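Q: Shown below is the structure under consideration.
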Amino acid sequence: MILPINIYSDDILRKKAKPLKGIDSGTEELILFMFETMRNAAGIGLAAPQVGHSVRLLVLDLSGVSNYPDEKPMVVINPHILALKGYNDMEEGCLSLPGVRGDVERPAVITLKYRNERFEEMIAEFSGMYARVLQHEIDHLNGVLFVDRMEKRDRRKIQKELDVFVSGTVNAAYPIARQSLTVLEG
Ligand code: NI
């Protein structure tokens, strides 16, 4: 099932999400729907608050990214970043801000403790696109969006695009949650 995606101005994107205590059939279903929703929107990462569930769960799939063709989809639950190394700049986008892109500086390498799709505890180091997408999605669990991390000067340049989300006229190639559609529909 393809779930509608919450947009920039939706309150749930600003809340701190709650840890999961385990995995039940409802969680398994949510994970399946999140993968379907992410692929339908041609995304490479999706956090549960983006589809209306304020829990610390995210999915990612880099197999569509060049240089990452053989990657397997990944489920990350209750992530904690244990260590950070280096910095790099990369352009980011977000399914909750359709059409908006911007440069963000983030640590280049992270050591992450998390639980996988079987709720087993994992500790692993991630670099490259993995480090980038994981940090972007973990931000979603803490109510942070990538535009919050942009340089003020760059952010001012896209402020008009952000204002459009608030006014309610959202154009996206995938279903959007109703909360955003205060002005225009269909
Ligand atoms: Ni995002």
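Every number here is computed from the coordinates shown, using simple stated rules; none is lab data. Keep in mind that this is a model prediction, so the values were computed, not measured. FYI the Cβ positions are ideal-geometry reconstructions off the backbone, even for glycines, and counts take in every protein chain you see.
Q: Not counting the cut sites, what is the longest span of the chain without GluC sites (Glu not before Pro) that DSSP labels loop and that have at most 16 other Cβ atoms within 10 Å?
A: Segment 1-70 is the longest.
Q: Place +1 on the Cβ of every Lys and Arg and -1 on the Cβ of every Asp and Glu in the chain, take the dipole about the Cα centre, and give the residue among Ala83, Tyr68, Thr37 whose Cα lies farthest towards its positive end.
A: Ala83
Q: Wrap a convex hull around the Cα atoms of the chain, take a quarter of its surface area, and give that in square nanometres.
A: Over every viewing direction, the Cα hull of the chain projects on average to 10.4 nm².
Q: Ranked by Cβ crowding within 10 angstrom, fewest neighbours first, how are Thr169, Thr111, Thr27 ordered?
A: Thr169, Thr111, Thr27
Q: Given DSSP loops and a limit of at most 14 other Cβ atoms within 10 Å, what is the longest stretch of the chain that contains no such chymotrypsin sites (Phe, Trp or Tyr not before Pro)?
A: 1-86
Q: Related question: What percent of all Cα-Cα pairs in the stretch 1-100 falls into each 10 Å bin, going from 0 up to the bin containing the maximum distance?
A: 13, 43, 36, 7
Q: Find how many whole Å separate the alpha carbon centroid of the stretch 1-68 from the alpha carbon centroid of the stretch 75-141.
A: 14 Å
Q: Same structure, new question: Check the straight Cα-Cα distances from Lys16 and name the aspartates and glutamates below 17 Å, setting aside those fewer than 8 residues away within the same chain.
A: Output for Lys16: Glu137, Asp139, Asp148.
Q: Can you compute the charge dipole magnitude of the chain about its Cα centre, using +1 on each Lys and Arg Cβ and -1 on each Asp and Glu Cβ, nothing else charged? Give it in debye, rounded to the nearest 20.
A: 560 debye
Q: A further question follows. Going through the cross-link list Lys85/Lys160; Lys18/Lys72; Lys18/Lys85; Lys15/Lys152; Lys15/Lys85, which pairs have a Cα-Cα distance over 31 Å in this structure?
A: Correct reply: Lys85/Lys160.
Q: Summing +1 for each Lys or Arg and -1 for each Asp or Glu, what net charge is found among the other residues whose Cβ lies under 10 Å from the Cβ of Thr111?
A: +1
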